[in-house]
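Worksheet: the structure to be examined is printed underneath.
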């Protein structure tokens, strides 16, 4: 299994109303970063949108690589965020990050029951 590790120092969580999606991200720096991860998912589907279409699922981008509906596990505690994506494990150290107030709730909206929260 391929392993990716990121020591995050910046976190972002928002609803992008113009583009119709939740956006949650972590990075090593707010402006100058090479290591990062973002998650997106539409927050509202139109009546003609197919909820099973790939583009309406969970989008994950990590350090330039991206995929839709590829996350099989995600968990968060007060020290780390851990994901299993295809054949990769992604570990993000979040100990030094001041998470936005809506960070966890937007992660829940994106990942639903897949998200495991283990606060200590």
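Each value in this text was obtained by applying a stated rule to the coordinates, not by laboratory testing. Computed from a predicted model, the values in this text were never measured in an experiment. Neighbour counts are summed over all protein chains in view; Cβ atoms, including those assigned to glycine, are modelled from backbone coordinates with ideal geometry.
Which residue, 52, 69, 102, tops the fluctuation ranking in a GNM of the chain built on C-alpha contacts under 10 Å?
Evaluated over the chain, the most mobile residue of the options is 52.
Taking the Cα centroid of segment 65-90 and of segment 38-52, what is the distance between the two, rounded to the nearest whole Å?
The distance from the Cα centre of segment 65-90 to that of segment 38-52 comes to 20 Å.
Would you mind pulling out the separation of the Cα centroids of segment 1-35 and segment 103-120, in Å?
So the separation of the two Cα centres works out to 15 Å.
Within 10 Å, count the other beta carbons around each residue, average over each peptide in 30-39, 53-62, and list them highest first.
53-62, 30-39
Would you compute, from DSSP H runs of 4+ residues alone, the mean residue ellipticity of the chain at 222 nm, taking -39500 (n - 2.57) per run and dividing by the full residue count, rounded to the nearest 500?
-2000 deg cm²/dmol
Take the Cα gyration tensor of the chain, multiply each eigenvalue by 5, square-root it, and list the three semi-axes largest first, rounded to whole angstrom.
On the way: eigenvalues 101, 51, 40 Å².
Sorted largest first and rounded, they come to 22, 16, 14 Å.
If you take every DSSP beta bridge fully contained in segment 2-117, what fraction is antiparallel? Give it as a percent rounded to 5.
Antiparallel bridges: around 80 percent, rounded to the nearest 5.
So what is the relative contact order for segment 2-117, in percent, with contacts set as C-alpha pairs under 8 Å and at least six apart?
Computed value for segment 2-117: 28 percent relative contact order.
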